[in-house]
1. If you go through segment 17-52, how many residues are of a type in the set (A, V, I, L, M) and within 19 Å of the chain's Cα centre (by Cα)?
2. Please find, within segment 158-195, the residue that is nearest to the ligand (Cβ to nearest atom) out of those that are among the small types (Gly, Ala, Ser) and crowded, with 16+ Cβ neighbours inside 10 Å.
3. Looking only at segment 1-25, count how many residues are surrounded by fewer than 10 Cβ atoms within 10 Å (Cβ to Cβ) and not in a helix (DSSP H, G or I).
4. When you check Ile51 against the structure, is it at negative phi, at pLDDT below 95 and of a type in the set (A, V, I, L, M, F, W, C), yes or no?
5. Taking segment 100-110, which residues are open to solvent by less than 30 Å² (accessible area, probe 1.4 Å) and at pLDDT 95 or above?
6. Is one or more of the residues making up segment 119-127 more than 12 Å from the ligand (Cβ to nearest atom), of a type outside the set (A, V, I, L, M, F, W, C) and open to solvent by 60 Å² or more (accessible area, probe 1.4 Å)?
7. What is the one condition in (1) over 26 Å from Val12 (Cα atoms); (2) in contact with a Gly (Cβ under 8 Å, 6 or more places away or on another chain) that Ile105 does not satisfy?
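The values are calculated or read from the model by the stated rules, or taken from the named source; none is laboratory data. Just so it is clear, the model here is predicted, and its values are computed rather than measured. In this analysis, Cβ positions are derived from the backbone assuming ideal geometry, glycine residues included, and neighbour counts consider all displayed protein chains. Please note that ligands, DNA and RNA were not included when accessible areas were found on the heavy atoms of the full protein model with its side chains. Shrake-Rupley method; radii C 1.70, N 1.55, O 1.52, S 1.80 Å.
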Amino acid sequence: MAKLFGNLNLVVAVGLVFAIIVMVVFAGDPSANAPISAGRVLIWMHVFFGILWIGLLYYLNFVQVPTMPKVPAELKAGVTGYIAPNVFFFFRWSALFTVLTGLSIAIVGHFAHEAFTFSGAGQTNLIGLGMYLALIMAANVWFIIWPAQKKILGIVEATAEEKAAAAPRALIASRTNLLLSLPMLYCMVSANIPV
Ligand code: HEM
């Protein structure tokens, strides 16, 4: 047991196998109404990456940022030098894979154009709004938060002035994503378009 739970990759691999077994078993039960389809597997992957992304966004806004001022100066490097770079690795890539799986759901479901042009029924307009909000959030991550954090964390060369200017920019973009995440999630879980 220690060998399994001590190995992160092995735990994820076993979890994936377990998930595939669940898919196959319930696909065989008509009363479960859970046939295996590209749309259903994409939604499952989408929600996994979405949880990872939003989970790290909430960790940063509710835990790391409010706590950093209380961390003794000599201990801050533990966060900025080790934890934060890892947080931003999973944060930015989970954002990208949430977008790619989300767009794929809309394409496989044949409602991407209606959703993005608000030219369909209420449900597609609802997911359309959710997709625009989530795309703004993803752009904040890749084009504002991550470039600013690379300077703040010393991953790229930056003067003290550049670091000082990057901090409020990163905070405002991150808090904007926190704000947008609430209506975005309502749109995501309420659209319920069969895919
Ligand atoms: C952090 C960001 C996001 C989270 C947490 C999230 C979460 C979710 C959830 C929980 C669902 C409902 C799944 C279900 O019907 O059972 C969903 C559906 C969906 N999401 Fe997202 N999503 C996010 C971002 C995006 C993005 C960026 C896009 C595309 C640009 C997108 C497109 C979609 C689509 C098309 C659906 C299916 C709607 C339906 O069939 O009713 N999502 N999302």
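1. 7
2. So, considering only residues that are among the small types (Gly, Ala, Ser) and crowded, with 16+ Cβ neighbours inside 10 Å, the one nearest to the ligand (Cβ to nearest atom) is Ala191.
3. Looking only at that region, the number is 2.
4. no
5. Across segment 100-110, the qualifying residues are Thr101, Gly102, Ile105, Ala106.
6. Checked against the condition, which is being more than 12 Å from the ligand (Cβ to nearest atom), of a type outside the set (A, V, I, L, M, F, W, C) and open to solvent by 60 Å² or more (accessible area, probe 1.4 Å), segment 119-127 yields at least one hit.
7. Among (1) over 26 Å from Val12 (Cα atoms); (2) in contact with a Gly (Cβ under 8 Å, 6 or more places away or on another chain), Ile105 violates only (1).
Here is a yes/no grid of residues against (1) away from the ligand (no atom under 16 Å from the Cβ); (2) in the same structural domain as Ser181 (by TED's automatic domain parsing); (3) under 17 Å from Leu185 (Cβ atoms); (4) not β-branched (Val, Ile, Thr):
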site: Val41; (1), (2), (3), (4): no, yes, no, no
site: Phe49; (1), (2), (3), (4): no, yes, yes, yes
site: Trp53; (1), (2), (3), (4): no, yes, yes, yes
site: Gly78; (1), (2), (3), (4): yes, yes, no, yes
site: Pro85; (1), (2), (3), (4): yes, yes, no, yes
site: Phe89; (1), (2), (3), (4): yes, yes, no, yes
site: Ser94; (1), (2), (3), (4): no, yes, yes, yes
